[in-house]
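Working notes, structure below.
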Amino acid sequence: MYGNYRLWAEGPNGAGFTGYQYLGDPYAGVSLVGGMLEFTDQTSYDNLQTRLTQAYEDHQSKFFDPWNNLTDDQMNDYAEAQGFDEFLPFKEFEAYWGFSSLRNLIQNDVANWMAVSHTDMTGYPEDNYFIADEPQQTILNTSGQVKVAGAALQLPVLMPAPPNPGELSCIYEDRKRGEDNYESNRILKKRIIIDGEDCVQSATCPLPPDISFKGKALTFKKSGLFKKFATKMRVRLYGKAYNNICNFLKDYDTAFNNPDLRRRYRMVVENPFLNTNFIGTKYYETTEEIQLIGNTYSLVYAP
């Protein structure tokens, strides 16, 4: 099963051990201390998020892609019959460390919410949390804490109130949410995620200073209760970035992240700003386009 990290053993294959089997790569640069993951440096932190992200995508791809001929309803019936768990790679990572993650806390809230009938998506638990990126949620403990390069970071867990008019706030402006009914009983939720925008590592804005723009789509179907619904989709994120004195820095455009529509519970596309010249990015215009079969839905953010 994709995402199965398991334990690991040193030594190459053929090293002379009877019945030796390679059991996966170790986790480099990370340890668990006092209920918090600690990373030796920023690179180790970034690399683990990349590894978790790829494991999640591989896990979905391995399950959904071979059944491209099925309808969405047939595919979802099959997923339920097979007990498919989209978050298995994250759960395996957490189990490896015996770690209580923010992701697990949020998804427990989601499970409780989805077990009760609702007339719409108002109050959906994921909307209440500041950290919207599942790989990052998996690295944080339930209090939003992680240590990177010796610096303990305390990220906000719950969404804060909107800032006062004219007040710049990296805490609030990092997130933009929206949703559409794309069929009578199906809802597409969209989210733009700006990590590291207007931020330096400090007490008031303690995010690592890497800037990453992400667009995320996830879908639900209502049949008595709401439930996750896999449908064919693809995501594009594009816009313009400006520095803190409003000088234009660059255009960015992820393009659609797959040549064809792919069936997923949720899909994320990312545009990282790896050049340190962009760490000062404060202002941006961004549009997220979600393509479903026959339709394109947009979420625009221009603070």
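Among the acidic types (D, E) and surrounded by 15 or more Cβ atoms within 10 Å (Cβ to Cβ): which single residue out of E86, E80 fits that description?
Testing whether each residue is among the acidic types (D, E) and surrounded by 15 or more Cβ atoms within 10 Å (Cβ to Cβ) leaves just E86.
How many residues, within segment 106-124, are part of a helix (DSSP H, G or I) and over 15 Å from the mean Cα position of the chain (by Cα)?
7
Check segment 44-66 and report whether any residue there is over 16 Å from R264 (Cβ atoms), of a type in the set (K, R) and not in a strand (DSSP E or B).
yes
State which residue is nearest to the chain's Cα centre (by Cα) when the search covers only segment 257-290 and only residues that are modelled with pLDDT of 85 or more and surrounded by fewer than 18 Cβ atoms within 10 Å (Cβ to Cβ).
L261
In segment 129-164, what residues are part of a strand (DSSP E or B), modelled with pLDDT under 90 and under 22 Å from V110 (Cβ atoms)?
Within segment 129-164, Y129, L158 qualify.
Name, by its number, the condition in (1) in contact (Cβ under 8 Å) with a residue 40 or more places away in the chain; (2) loosely packed, with under 12 Cβ neighbours inside 10 Å that does not hold for M114.
Of (1) in contact (Cβ under 8 Å) with a residue 40 or more places away in the chain; (2) loosely packed, with under 12 Cβ neighbours inside 10 Å, only one is false for M114: (2).
I'm checking my understanding of the structure. Among residues of segment 291-303 that are closer than 14 Å to L188 by Cβ and in a loop (DSSP other than H, G, I, E, B), which one is modelled with the highest pLDDT?
I293
Let's see how each residue does on (1) modelled with pLDDT of 85 or more; (2) among the hydrophobic types (A, V, I, L, M, F, W, C); (3) over 30 Å from V148 (Cα atoms):
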position: G19; (1), (2), (3): no, no, yes
position: P26; (1), (2), (3): no, no, no
position: G35; (1), (2), (3): yes, no, no
position: S44; (1), (2), (3): yes, no, no
position: T50; (1), (2), (3): yes, no, no
position: S61; (1), (2), (3): yes, no, yes
position: N68; (1), (2), (3): yes, no, yes
position: D73; (1), (2), (3): yes, no, yes
position: D77; (1), (2), (3): yes, no, yes
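The values are calculated or read from the model by the stated rules, or taken from the named source; none is laboratory data. Since the structure is predicted, the reported quantities are computational estimates derived from the model, not experimental observations. Reconstructed Cβ throughout: ideal geometry from the backbone, glycine too, with neighbour counts over all protein chains shown.
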